[in-house]
Amino acid sequence: MKKPNFLKHAWLSFRRSPALTQNILQTLFLAFFGFYIAVSFLVSGLVAGELIRDFFPGRDVLGMAGAFLIYYLPMDILMRYFLQKFPTLSIKPYLLLPVSKSAMIHYLLRRSLFSFYSFLPLFLTLPFFLVEVLPNASGIEAVGFVVMVLGGIVSSNYISFWISKASDFNNSFSIVLLLLLFGFLFLEFKGITSFFSYLESAATAFFANPVWWAIPIFISAGVYLYLFNYFKKHLTAEKESKDETYLQNISLGFFGRFGRAGRLMDLEIRLLLRSKRARSYLLMSFAILFFPLIMGNTEGLGEEFSYLLFGLLMTGMIALNHGQLMLSWNSLHFDLLLSRGNTIQDIFRAKYYILALSCLVTYILTLPYVFYDPMIVVFNTALLFINTSFSIYMYMALASYNSLRVDPDEGSSFSMSGFGAAHYLIGIPIMVFPILLFYIGKLGFGSTTGGILTLLVVGVLASIFHQRVINACVKLFTGNRYKIAEAFRKV
Amino acid sequence: MIKVENLRKEYGGKEVLNISDINIEKGEIVGLVGNNGAGKTTLFSLILDLIKADSGKVLSKEVDVSQSEDWKMYTSAYLDDGFLINFLTADEYFEFVGGLFDFSKTDVQNFVQQFEPIFNGEVLGQKKFIRQLSMGNRKKVGLIGALIGNPELILWDEPFSNLDPSTQIRVRNIVKEHSDNRTFFVSSHDLHHIAEVCTRIIILEHGKVVRDVKNSPEMKEELFEFFEVK
C-alpha cells in the first residue's frame, strides 16, 4: 500500500487556511502573542532558580523545581484538553483511499505531539536546565530532569488526546480537578499543608534513581498503544455520530413569554449549553470566580487595584468571552435570523439582556465572598453595573463591525477562526475605563467610598439608557449587514 | 406581492444577475429554472435582502426590502442549511420558528404533525439535533419550517434535490395544497415537478430572464425543448 505524503498535505492545509490567507493582521497578532508568551516563559525559566531560593529558603532548588513540574502535569493535561486540537477527522478523506490505516493512525498520533502546547514547557525548562541544572546537579540528576520534562510532555499530550477523543471524560470532572489543584496551592501558601514537600521528595527520588524513569516512558507508550488500537477499531469512514444527549431534555422556554427577543434569548442559552466551544468558554468563565481564593491579596498591586481587576473579571467574564463574538456565534444560522420573523433590533436586545443576565448571575455567585472579604462584594456591586452598561456596549459596538465566522461546535476554544486582533484590543478599554473612573472618583471625593460610588452611579445611569445604545448599534449594524452576513457564510 | 426592478448584481466585475422587471402576484406558484450559475440563488438572496444589489431594487408589498424589515414578518425561505439551527432538535426548531409568530408549542406540534408522512418517523419526537440528521432529513425540516407562521411568501431553493422520489411528490403536493392566498417561489432543476405544479415559469440564463410565461401544455413542451442538449 502507498503512503501519501501526509506532511506535505498538512503544510498545504496550513498554508491555505483561511485564517492565514485572509486575515494577515490577525495572524501577525497571534504570532506576536505567541512570541510574547515564549519570551515571558524564557525569562521566567532564567529566574526560576532565584525565585525558589527566595520563596523556599533552605530547600533544594532542583527538588522544588521537580515538585512544581509534577504539580504542573495535571494542569498541563487539562489545558491541552481545553485548548489543544486533536484533529482525528483530518484523515477522513484518506480512509477510502488505498492507504495503510496503521500508517495514518501513527501519523495522526505523532503529529499531535508537535503542537504549541508541547513546546511551551520547553521555553520554561530549557533555560532553567542550562542555568541551574547543568552547573549544579550531578550527571544522573541532569538526565533525570530531562527525562521528567520530556516524559511529562509526551505523557500529557497522549493523556489529553485520550480523554478528549477516546473516553467519556466529563467537563464537570475537570472543574473538580482544577478546584483540587488550586485548593492544594492555596492551603500550601497559607502554610496549612506541606503537600509540596512530598512532591519534593518524590522528585528527588526520581532524579536520583533511573528505575523511576520507566514510569513516564511506560505511561506514554501505554497510552499511545491504547489510542492506536482504539482508533484502529473506531476510526471509520462512516460519519461520526457520537450520541449527543447533553442537556437535551431540559426545557428552556422561560424567556419566550417576553416576545421575540425572549425567544432569541432562549435560543442563545441553548447555544451556550450545547455548543462545545461556547461551553468551554462558559467553564473558563466560572473558573475565574475562584480568583480571589487562589490569589489571596496580591499586595504588590495595591488592594484597590486587585479588587477592581478581579471584580471586573468575576462579574464580566462570561460577557467578555461570549460578548466579544456576539453575533459570530450565530454565523451558521445568521441568514435565518436576518430574514425570518424577527427584526435586527430583536437580535440586539436579546444579546444585551442575555449578557447583562450573565453578569447578574456571576455577581450572585460571588456573594458568598461576603464571609471571606466583604470588600470584594462591595466592589463587585459597583462593577456589576459597569459591566451591564459600558462593557456590553463595547461588545455590541464591536459586533456591528465584526465579521468573523465562528463554528461553535469546533472543540478548541483557541482555534483561529473568529479570533481577531480586535478581540484582544477590546480588553484594554474595558479594563482601563472603569479603573480610571474609580481613581477619578477617589481623587474627587478624597476617599475609596467616593470612587466606589462614582462607579455605581455612572454604571446605574449608563445601564438605564441601554435601549438608546441598542438602537444606535442596530443602526450601525444595519449599515454593515451585507458585509457581516457574507463573512459569516464563508466556510 | 414581489416586484423586481432593474436588479443587477455582479461578483468581481462579472455580472451574475440583470433583471429588468419581474412582477409576481399574490397566489402565484412561480417556478424558477436555469442551469448552474444562472442566478437563481442570487435572485432569492436579493429578495431576502441577504446580499446587496449593485443597482435596482426588490419591492415586497410595494416596499423596498433593503429599507424596511416589515417583509420579514410574512416571508419565509429555505435556501440552504443557513436557515436551520443545527444545535436544536427538529421539534425545538419548529417551536422556535413558531414562537416568533406567537404560536404556542401545541399549535406548532399540531401543525407539523400533518407532515408526518414526509418525516417518516425519523424527525419528529427524535432525540437528535438537526446537525445529526441526514442531508435529506435536514432539508425536510427546513422546508416544513418555512411553512410555519402562515407566511404569505415562501421561497424554496431546490426543494426536490436530495429527497427520495415519494417525498418529492409529497413536497409537490404540499405546494398545491398550501397555495391558497400565498405565493410560492420555487427554483428547481427538476423540470417535471416544475411543469406539474407551477402556474408560471421563469427561465433564467446567465443572469437574465429569457422566458416568463404562464404554465400551459405548450409551455411544458417548450420548457423541455429549451434545456435539450444539442
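The values are calculated or read from the model by the stated rules, or taken from the named source; none is laboratory data. These numbers come from a predicted model, not from an experiment. All Cβ positions, even for glycine, are placed from backbone atoms using ideal geometry, and neighbour counts span all protein chains on display.
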Within segment A:285-292, is even one residue facing chain B (nearest Cβ under 9 Å), crowded, with 20+ Cβ neighbours inside 10 Å and either assigned to a helix (DSSP H, G or I) or modelled with pLDDT of 80 or more (or both)?
no
Considering A:ALA382, A:ALA350, which residue is assigned to a helix (DSSP H, G or I) and either touching a strand residue (DSSP E or B) at 6+ places or on another chain (Cβ under 7 Å) or within 14 Å of another protein chain (Cβ to nearest Cβ) (or both)?
A:ALA350
Counted residues in segment B:38-73 being within 8 Å of chain A (Cβ to nearest Cβ) and crowded, with 21+ Cβ neighbours inside 10 Å come to 4
Of the listed residues (A:ALA65, A:ALA103), the one being aliphatic (A, V, I, L, M) and in contact with a Phe, Trp or Tyr (Cβ under 8 Å, 6 or more places away or on another chain) is A:ALA65
Looking only at residues in segment B:82-114 that are crowded, with 19+ Cβ neighbours inside 10 Å and small (Gly, Ala, Ser), which one is nearest to the chain's Cα centre (by Cα)?
B:GLY82
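Being over 23 Å from B:GLY39 (Cα atoms) and not β-branched (Val, Ile, Thr) is the filter here; which residues of segment B:143-167 pass it? Walk me through how you get there before you give the answer.
Keep residues of segment B:143-167 that are over 23 Å from B:GLY39 (Cα atoms), which gives B:144-145, B:147-152, B:164-167.
Once the filter is applied, which keeps residues that are over 23 Å from B:GLY39 (Cα atoms) and not β-branched (Val, Ile, Thr), segment B:143-167 yields B:GLY145, B:LEU147, B:GLY149, B:ASN150, B:PRO151, B:GLU152, B:ASP164, B:PRO165, B:SER166.
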Any chance segment B:74-96 includes a residue that's facing chain A (nearest Cβ under 9 Å), among the polar types (S, T, N, Q) and farther than 21 Å from A:GLU268 by Cα?
yes
Name every residue in segment B:107-136 that is closer than 15 Å to B:GLU92 by Cα, touching a residue at least 40 places away in the same chain (Cβ under 8 Å) and assigned to a helix (DSSP H, G or I), in order of residue number.
B:VAL108, B:ILE130, B:ARG131
Listing of helices (runs of 4 or more DSSP H) fully contained in segment A:70-131 that carry 1 or more residues being farther than 29 Å from A:PHE41 by Cβ:
A:92-95, A:101-113
Hey, A:ILE344 within 14 Å of chain B (Cβ to nearest Cβ) and not small (Gly, Ala, Ser) or not:
yes
Here is a check on your reading of the model: is A:ILE376 buried (at least 21 other Cβ atoms within 10 Å of the Cβ), in contact with a Pro (Cβ under 9 Å, 6 or more places away or on another chain) and over 21 Å from A:ALA397 (Cβ atoms)?
yes
Please find, among B:LEU191, B:LEU100, the residue that is within 9 Å of chain A (Cβ to nearest Cβ), hydrophobic (A, V, I, L, M, F, W, C) and in contact with a helix residue (DSSP H, G or I) (Cβ under 7 Å, 6 or more places away or on another chain).
B:LEU100
